[in-house]
1. Go through A:Val210, A:Val216, A:Val155 for me and flag whichever is touching a residue at least 24 places away in the same chain (Cβ under 8 Å) and either under 26 Å from A:Gln13 (Cα atoms) or within 13 Å of another protein chain (Cβ to nearest Cβ) (or both).
2. Pairs under 6 Å by beta carbon, first residue more than 14 Å from chain A (Cβ to nearest Cβ) in segment B:760-788, partner among the acidic types (Asp, Glu) and not in a strand (DSSP E or B), six or more apart or different chains?
3. Which numbered condition in (1) touching a residue at least 60 places away in the same chain (Cβ under 8 Å); (2) of a type in the set (Lys, Arg); (3) part of a helix (DSSP H, G or I) is the only one that B:Arg606 fails?
4. Going by the conditions given, is A:Asp248 charged (D, E, K, R), touching a Leu at 6+ places or on another chain (Cβ under 8 Å) and more than 26 Å from A:Arg61 (Cα to Cα)?
5. Quick check: is even one residue across segment B:341-354 under 28 Å from B:Asp647 (Cα atoms) and touching a strand residue (DSSP E or B) at 6+ places or on another chain (Cβ under 8 Å)?
6. Counting just the residues of segment A:134-147 that are touching a Pro at 6+ places or on another chain (Cβ under 7 Å) and closer than 17 Å to B:Lys9 by Cα, which one comes out farthest from the other protein chains (Cβ to nearest Cβ)?
7. Residue pairs, Cβ under 6 Å, 6 or more apart or interchain, first in segment B:53-70 and within 14 Å of chain A (Cβ to nearest Cβ), second part of a strand (DSSP E or B). List them.
8. Is it the case, given these coordinates, that B:Thr328 is of a type in the set (Ser, Thr, Tyr) and under 28 Å from the mean Cα position of the chain (by Cα)?
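The values are calculated or read from the model by the stated rules, or taken from the named source; none is laboratory data. None of these values were measured; they are calculated from a predicted model. Here the Cβ positions follow ideal geometry from the backbone for every residue, glycine too, while neighbour counts run over all protein chains shown.
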Amino acid sequence: MKTILVDPSRCLQCSNCWVACKDEHTDNDWSPIAAPQTDDQWWIKIYETEVASGAHMKLNRVPIMCQQCENAYCMEACDKGAIYRRDDGIIIIDPEICSGADCDKCVSACPYERVFFNEERKCAQKCTFCAHLLDAGREAPRCVTACPNDALVFVDEDELTEENMYAPLERLYPEYKTNPKVAYVKLPKPFVAGELATDDEQDCIEGAQVLVTNQVTGAVFEGYSGSFGDFHVDVDKPGFYTVTFVADGFKRKSIKDVDLREPFSLDVVKLWTLVK
Amino acid sequence: MSDKTKQLKPEDVNGVRRTTCSTAGPLMVSVADGKMIRVEPMQFDPAEVDSWQCEVNGKVYKPPLTHPLLPWGMIGRQMAYSENRVRYPMKRVDWDPNGERNTQNRGVSGYERISWDEAFDIIESEMKRIIETYGPSAMSEFYSAHPEWGSLHYFFSDWVRFWDMMDATHIDFTPNSWEGWSAGATLMWGHWPSQGIPAAPDTLFDVSENDDLIVLWGVDPMFHNLYGGCDQARLWRWWKELGKEVILIEPLYNEVGLGFADKWIPIYPGTDGAMACAVAYVWITEGTYDQEYLDTHCIGFDEEHMPEGVPAGNSFKTYILGEAKDQTPKTPEWAEEKCGVPARVIRKLAREWANRPTSFWVFTGGACRRQFGEEFPRLAVVLGMMRGMGKPGSNMVGPFLSLCGPFDSVNQVGPFGYADGGMNAVCENYSLNNTKQHLTFQKLYEAVDKGKLEYYGGDLFNTSAEEYFFERKYPEDGESEVHFFWQRGSSCTNPPDRNTHLKFLRHPKIETFFVSAPWFDRECRMADLVLPTTTMYEREDITEPASVGQYIPPAYIGLRSAIYHQRCIDVVGESKTDMDILAEIADRFGLKDTYLEGNTEEGFLRKMLATTNIPMSFEDFRDKGYYVWPAPKDYKPNKQFNDFWRDPEANPMPSPTGKVEIFSTLVWEKYGYNDEIPPVPHYIPELEGHEPSELKEKYPLQQLLAHPKFRFHGKYNDCTWLTGAYKVKGPDGYPYEPVLIHPNDAAARGLKDGDIVICYNDRGKVLAGVQVTYRMKEGVAQLTYGAWNDPLDGGYGPAPDRGGDGQYLTYGGEMSVHHLSGAYNSSLIEIEKADLEQLAKDYPEGWAGKYRTWNKEGN
C-alpha cells in the first residue's frame, strides 16, 4: 500500500502542492470520491513557524494533509457510516452519505485539523490522496507530482525500512495515538544555534566541537562550527541543556541551563585564547 | 458505501490532454466538455527522453521529467474563468471621443459594454483623428513586459510590427531588472546581448564539478523569479549533498537562503559596495588574488596598468588602499560601519573566497536597482576579475536565465525565445518605423506635462555601452508630442512613484488611452477603452519554455523542449488575440496585407516550425504538443569566459580596449572624474539610503522592493489560491499586502504581527499588514510591488492605497548623472499603526471600493 512521505526540511512553501490540490478539487466533482472543495478549505496546508532569533532564525515549514490514520477518530466520530477505509487504506468521506449532514463531529475529531465542513453542501470533506486519479491509473496524488523538491513523495509503505531511509521515520504527533499512514522524516526539532568568535571579535572560530547535553537524560548531541563559526545542533526533545564548546587553542567553554524547550540562538559566543 | 454504478470512469477523470506553456513553465491541461478540468506541470514520458546528466563523486544529477513550476503555474482554471476577465469591449462611461473626455476621471468612472464594431469604429476614428491633427508620432504604444507566454502572440511579434508600420512613438522600457549592470558593467566589459550581463554557458557543469563555495549576493535564484526558478530546487539540494557551502548576503533571508544556505550575512540595502571594497582590501593586503590575470586581462587595477595620459592615483588599488583622493583605506572595519556586517565576517568571507573555487551569484538583484546603482555591479566585476574569471570554477551567475546546462543551439534549432520576433521572423518584409522619436517610460509624466524632455539614452533596445551617452529629446524635430497611448497588457512593469504615473495617465494631453488585456487589472482601470484579449489557453503558439531569446542568451537547466500551445478552450467572452485586433485595424487603414502578408495563425505557426530542425511534421508536433531534445551529441562545452581566460588577445571583450576596463575609458572620456560615476568603481552612499541624513530621521526604514513570491509582477493579485497564503487578513476582513519588519523595529513602534499599518513617505501612503520576522535586517522593511491599487480617495489626495502597492513609495529619480532612472530601491519610509475606523469614516466611498482596480462599475 502506498503513502506520502513528507520531508519538511525540503519544503520551500512554493505553493505548488496546495495549488495543485485546489486545481484538482475546486469546481470539479469527483463523487463518489470527493465533492468540490470550497475556497476556504486547505486539504494540504503548510504550517509555518518561525523559531530562534537573529540571523540564526529558522522558518519551519511542515506540510500537513489527512494522515490516513489507522486509528481514525473521524471514522469513530461519524454515526452515519459516511466515512470508510478503502482496501488501499485511503479513508474517504462519502459525499452522498454525508450530504446534508447536520453534524461536524468528524471535523472536531481530527487532531490534525484536516477535515473541513462545507457549509454550502452541508458535508465534511478532506484529502483523498486523489483516489479518483489513482483509480484512473495515475501514479500519484496531484500534490506529490507538483512538488519541485521531493518534500512530498508517494512511496510503498513496505519500502520505508531502515536501510532505505536517509533519516529516521517519524509520524506527526504520535502522542495523538492515531497511528497515521502518512510518514515524515526530519520534522522540526529543538536546536541551539549561534556563532563562535575570538574574544577580540577579530576572527571567526571554525571547526569547534559543540556538545549539547540534556541535563536530565544525559543524552549528548554533537556538532561543529562552520566557516564563519556558525553552529546549529538539533536535539531530540525539548528540555534544558548544557552547551560546551571545544576548540584547539581556545579555552573550553560551557553554557549551562540553555532552555531548549523552544529552539534558541545564543547569538555570538566568544572563546578566549589559551595562554601558552 | 456508494452505489458501484456511480463509479467514475477513467475517461471522465482524465479528460482530453492539451499542452501549452506559461510564464511559470510548460503545462498539460485536461479538458472535458469544453472546460479545463485540470492544469498540471508538463510530464515527459521517461521512455522518450534521452536525458543529459552531470556526475560528480559518483552522484548523478538529471533534470526532472516533471517540470517544476513557479507558484502561479497551476492557477489557470481560476484565472481563465476569473470574474476579473475582460469579457467584452468596454468604454469608460464619461469618455466621449466626440465630446468631453474627462481624462481627470480615469480611475474613477466606470465602464459600459460596447460591441466590437463600436470599439473598432472608435479606434479607427481616434487614430485617424490623431494622425490628421498631429501626425502619426502623436500615437504612442507601450506594453506590459510580462504578458502571457508566447512567441507569435507576443509584443515582439504582433505589437511592434503593427506600430512600427503605423509610425507610432515607441515608449521605451529601461532594462529595469538589471538596471545597474546595464548602466554600469557595460562600461567595463562591454555591452553583451543581455546589456552588461555576459552569458553564463555551461556554468551548471562548472559549478557542479569545480566549485566548493557558492556566494549568493543579493539574489534569490528560485523565487526571483522569471519563467524558471523552482526547476533549480533539486539542483541546489544535489549541490548541498556534494558538500558545497552556500553563503547568502542579503537584507532578507531569502528562499534559497532558508532552504540551502550555510550562512546568512544580513546587510543594509545599498551598502553592498562598501563590503565589496573591503573584500578587495583583504585580497590586496593579503596578496590572495590573481595579479597575473589582472595584468593581462584588465586595465586600471593598479597604477602599472593604466591607460596613457591618466594622472597617477586613479587606479582601483589606489582607491581601495586609501591612497586616492579620499585617503580612506577600505578596511573591513570601515565597511562594518557602513554595511552592518561584522569586520570578522567580511574578513572570513574574503579568505574563504580566496581559498576555494567560488561561484559568484550576483547579476541583477536589488543591489543594482538604486541610486549610484552602477557602482556595485562594477565592483562585483572587479571581484570576479581578481579571481581570474573564466578559469575552471571561477564564474559569475545571475538569479534567473543565467545558469546553463548543456545547450546546443547549432545542431538543435528550436523555436527559441519570445524576443525572436514571432511573426516577424517568418514574414517577407518589415515596415521600419519612420518616427524616430522614442520616449522613456521612466519620465512619462515629466515629458508629457512639460511638453519636452531632454535625456540621455539607456533603454531596453540599446546595443552598446555608448548609447547611454546619446542625447535624446522629446519631441524630436518635426515630430509631435504624444496624445494617444495604447498599452498591450494591463499591468505594465510597475513604474516607481505611482502617484506621478497616475498623473501621467490622467493628463489631459493624453486624449486617448486604450488597454488591451485578458484581465481587468491595474492600468485597465485608467483606460478609456478596454479590449478583451485571450490567455494562452485560448490560442495557438509555438514556444520554448523559459527562453527569452536574443537579449538573454540561452540559459536552461531542464530538459530542453519545444511546446505547441494547443487551443485548450474556446475564447472566454468576446476576447480576441492582439494579432486579430490589430489586423482588423490594419484592414481599416488598408494595411492588412502589409501586416499579415496573407498569413493566418496556423500559417505563421507552420512557418515558425519550419525555421527549427525539430524532426516532426507540423501535424505531428501540433497533435503531440511537445518535443524533447535528446542530450546534445558530441557536445563541446565552452564555459563562460573560458576563451578570454585562456587567450585575452584572441578573444577580446567588447570594450574599447578589448580588456575588462576596471578603469573605464568611456567614463573618463565622457565625465572625467565625476563623483557620481568615477572612472574606477567606488562605494557611494545613497542620498536616500542607510547612512544618516535628515530624511533618514523622518523616514528611518529602508524599503526593500524584492520580487513578490506569489505574483508574476503585477499579475494574479486576485488569485485566492495564492493570496490565501500570504495576504494579511485585517480585522475588517480585507486581505492586506504584507510588510515584513524586524522584531526590534516592530517593538519600537508598538507593532505586532497582524497589525494593519500605514507605510508612508513624502511620495505616498499605503496600508499593509505587519509580519514580524527575523528574516529582515533591522532597519529594513519589505513592501513589494504589484499589489492591485485601491486608493481610498481615487489617488487624488493624501489618502493611502489600501491595496498596498509598494510603488507608491518608491523613488523615481535618477540613478546618477549617467542614467536617468532605475533607482527605485533607494526609498525611505516610516510605518505606524493605521486607524481603520477613522479611515473608513474619512473615505466612505473609497472604503466601499469605488476606486478599486477591479471595480469595473466604478460605483
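1. On the way: A:Val210 fails: either under 26 Å from A:Gln13 (Cα atoms) or within 13 Å of another protein chain (Cβ to nearest Cβ) (or both); A:Val216 fails: either under 26 Å from A:Gln13 (Cα atoms) or within 13 Å of another protein chain (Cβ to nearest Cβ) (or both).
Only one candidate passes the filter, namely A:Val155.
2. B:Arg763/B:Asp497; B:Ala768/B:Glu737; B:Ala787/B:Glu737; B:Ala787/B:Asp805; B:Trp788/B:Asp521
3. (1) is the only condition that B:Arg606 fails.
4. no
5. yes
6. Filtering first and then ranking leaves A:Gly137.
7. B:Tyr61/B:Cys54; B:Thr66/B:Pro41; B:Thr66/B:Gln43; B:His67/B:Gly25; B:His67/B:Pro26; B:His67/B:Pro41; B:Leu69/B:Gly25; B:Leu69/B:Pro41
8. Working: of a type in the set (Ser, Thr, Tyr): yes; under 28 Å from the mean Cα position of the chain (by Cα): no.
Answer is no for this residue.
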